[in-house]
Amino acid sequence: MPGTFSVPGTIAVVTGAAGGIGRAVAERLLADGAARVVVADRDGDRARATAEELGPRASWEAFDVADEGAVAAAVKRIWDGVGPVDLWCSNAGVGAGEGLGDDADWDLSWRVHVMAHVYAARALFPRMAGRGGHFLVTASAAGLLTNLDTAPYTVTKHGAVALAEWLAIRHGDEGIGVSCLCPQGVNTAMTAGDGSSASTRLGGQYLEPEEVADCVAAALRDGRFLILPHPEAAEFERRRAQDRDRWLKGMRKAWAKLKGA
């Protein structure tokens, strides 16, 4: 099946891998037989500590995914020093800005949730074309639906989904697989402060990062583009597309109920 990815013996890079979903994905890739997993994070100390905890087949890199020069340099270092990259998990994310946020929230969210994927694709895809590879974008169910708490997060995650689709269409025939991970609530440092009125609670139970990593592993093996650790998100998206006005009305009611909790 086009787009299927077999982990054993491969070289993988996971950004934002010092904790949360990224760390769980890195750990799962190693468990599934990856030859090397590069733990990448802006925080070098945490990246190094995580790699040491994950064992001898893990190494680390420190760079800012929102800095195109840093991303390109990291790709070259890894490619030349570790080996050709088979899988790049573009996973780093931020939770910036409540409501409409400010300009800084929008700038940071745009750079991390959209441009980071662009920068990685620019550096990787010319190298992967012909030899093959896989590119995983971590977006969010907010990119299919809406996170009512924060516009910067929701809008840029929609951008991440759209970019992943574009990459899959334009580069699939070059032997490059693309997947898009869209979880709802996950127990990570980003969601640690979520109270009962957080709109993410509308999606139901929060998952553990390891459960998300299991879903990623299954989707890579099966060659699926859209990875939904919360399968109900597919039904929510169907309802949204089927009757947008009804969906908006329902979301307004949900928001009013949350704020009254």
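The values are calculated or read from the model by the stated rules, or taken from the named source; none is laboratory data. Keep in mind that this is a model prediction, so the values were computed, not measured. Positions of Cβ are backbone-derived with ideal geometry, glycine not excepted, and every protein chain shown enters the neighbour counts. Surface areas here come from the heavy atoms of the whole protein model, side chains and all, with no ligands, DNA or RNA. Shrake-Rupley method; radii C 1.70, N 1.55, O 1.52, S 1.80 Å.
Here Val75 does not qualify as open to solvent by 10 Å² or more (accessible area, probe 1.4 Å) and among the β-branched types (Val, Ile, Thr). If you go through region 238-261 and keep only what is of a type in the set (D, E, K, R) and either modelled with pLDDT under 95 or open to solvent by less than 60 Å² (accessible area, probe 1.4 Å) (or both), you end up with Arg240, Arg252, Lys253, Lys257, Lys259. Filtering region 37-75 to residues that are among the aliphatic types (A, V, I, L, M) and within 20 Å of Leu108 (Cα to Cα) leaves Ala40, Ala62, Val65, Ala66, Ala70, Val71, Ala72.
Filtered by the rule that a residue be farther than 29 Å from Lys76 by Cα and touching a Cys at 6+ places or on another chain (Cβ under 6 Å), region 126-142 gives a lone residue, Ala141. So which residues in region 22-50 are crowded, with 24+ Cβ neighbours inside 10 Å and in contact with a strand residue (DSSP E or B) (Cβ under 6 Å, 6 or more places away or on another chain)? Selection gives Gly22, Val25, Ala26, Leu29, Val37, Val38, Val39, Ala40, Ala47.
Among Val155, Val178, Val137, which is the only one that is crowded, with 19+ Cβ neighbours inside 10 Å, without any contact (Cβ under 8 Å) to a residue 60 or more places away in the chain and in contact with a helix residue (DSSP H, G or I) (Cβ under 6 Å, 6 or more places away or on another chain)?
Working: Val155 fails: in contact with a helix residue (DSSP H, G or I) (Cβ under 6 Å, 6 or more places away or on another chain); Val178 fails: without any contact (Cβ under 8 Å) to a residue 60 or more places away in the chain.
The match here is Val137.
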